[in-house]
Amino acid sequence: MAGAKTLVFGSKLKVLVAVVGLLVASVGGAWALGIIGVPVVGGVENRFTGVSDTQTAIQTDLVVSNPNPISLQLGGTSVEYDVAMNDVSIAHGKKEGLNIEQGNTTLHFETRMDNEKIPAWWVTHIQNNETTNVNINAQVHSSLLGRTFNVPQSQQIHTNLIGQLNSDETRPINANQAVISDPVLYINQTSATWGTVTDQQTPIDLQFVLYNPKATPYTITELGYTITMNNITVGEGVTDRSYVIPGGATETVATTANINNQLLDDWWASHLRNNQVTELRIDFYAKVQVGQSGPSFRLPLDDLTHTQTVETDIFGTKEQTDIDTNLNSSTSTDDEQTQTAETTTTEQSVETTKSTTETTTTETTTTATETTDDGGILNVPRSPLALVRR
């Protein structure tokens, strides 16, 4: 009798396995024939919702479109997206065990980004000739179909932060001092290039061609600078050598102005609080001695002052978003934070033909794991990081 029960149980098990195998094969065949449509990422929308001195709160809405007349409840469906700027990983989000309903399902991710990620991106942006390659890859995996559907997107952003410092315009420099008549000097040419950027600092190599209209030589004993972004000082310093400009002659004066990259997370917070607008300013001054033993005076180089307004709409959603400028920073960030997602579903018309959206598919195996989110920082479809110079 025991043997008979075992035989019957084994037969039932074989039948069950055969049925499951037939079901999976049928689903796969239906997909191949275009009867079952491919679930795709229909769009990604990010917005800044808050900022503190250390963290940035980001809301990410990821739309998954299921063109089928039924939900994918048996498919072990998962959704994942990755964002990189110049190969610097900025965001990663993943949610497993989803039931994708018919039509469009919107997944809402709430994340925190550590502001210390901003200096790392800045370094690559300058090293890449002020160019950022934004790459975002969103994918939907269905174990029912046994495939992963990738939707890669990319965009290139270019800025020109110091281009206006290159000029051949001749400008007078006035001292407004009783000991000497104006103009004291003329600036005949200015030039600026990025130096070798490091993790710690971003150097701007500067050269000024100065003309001395007087008969008496001048000695520039010090040339100083201050760099501010939204009134936050991100760099200051002086030259380490002096220059003599003979009477009636020109001299090229060189200096390097350094941006302290470790202060850029402070600038980032001010940038968001100011509705993604930054006022960049570089001020210069010189200490000048008349002759070899004459008087010395501090000379403001106002005509060398560099100002530029930089405005961004990184996600293309700032006009529709109110940002909390005093974000509570007690929440953990990045890999310490467990991702949560809410879903909303809207109906759409369903076609039974195979989708023609350009996707790539790979055979994968999915295991259920707890995942975390690093914080969405870009939304390519909404023209991220569009820097505009006023």
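Quick look at the numbers
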quantity: Qualifying residue in region 115-133 (condition: assigned to a strand (DSSP E or B) and touching a Leu at 6+ places or on another chain (Cβ under 8 Å)); calculated: yes
quantity: Residue match in region 87-94 (condition: closer than 29 Å to Asp266 by Cβ and among the β-branched types (Val, Ile, Thr)); calculated: yes
quantity: Region 206-216, residues that are open to solvent by 60 Å² or more (accessible area, probe 1.4 Å) and within 38 Å of the chain's Cα centre (by Cα); calculated: Gln207
quantity: Any pair with Cβ under 9 angstrom, 6 or more apart, that starts in region 126-142 at a residue that is more than 14 Å from Ala84 (Cβ to Cβ) and ends at one that is of a type in the set (Asp, Glu); calculated: Gln139/Glu80; Gln139/Asp82; Val140/Glu80; His141/Glu80; His141/Glu96
quantity: From the options Gly248, Gly235, Gly294, residue that is over 26 Å from Thr307 (Cβ atoms) and modelled with pLDDT of 95 or more; calculated: Gly248
quantity: Counted residues, region 167-204 - those being surrounded by 15 or more Cβ atoms within 10 Å (Cβ to Cβ) and within 30 Å of Gln262 (Cβ to Cβ); calculated: 10
quantity: Looking only at region 244-271, and only at residues there that are of a type in the set (A, V, I, L, M, F, W, C) and touching a Gly at 6+ places or on another chain (Cβ under 9 Å), the one that is surrounded by the fewest Cβ atoms within 10 Å (Cβ to Cβ); calculated: Leu263
quantity: Failed condition for Gly316, given (1) crowded, with 16+ Cβ neighbours inside 10 Å; (2) closer than 30 Å to Ile157 by Cβ; (3) out of contact with any helix residue (DSSP H, G or I) (no Cβ under 9 Å at 6 or more places or on another chain); calculated: (3)
quantity: Region 134-163: number of residues that are hydroxyl-bearing (Ser, Thr, Tyr), part of a strand (DSSP E or B) and out of contact with any His (no Cβ under 7 Å at 6 or more places or on another chain); calculated: 2
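The values are calculated or read from the model by the stated rules, or taken from the named source; none is laboratory data. Bear in mind that the values here come from a model prediction, so they are computed numbers and not experimental data. No Cβ is skipped: glycine too gets one built from the backbone with ideal geometry, and neighbour counts run over all protein chains shown. We work out accessible area using only protein heavy atoms, side chains counted, and drop any ligands, DNA or RNA first. Shrake-Rupley method; radii C 1.70, N 1.55, O 1.52, S 1.80 Å.
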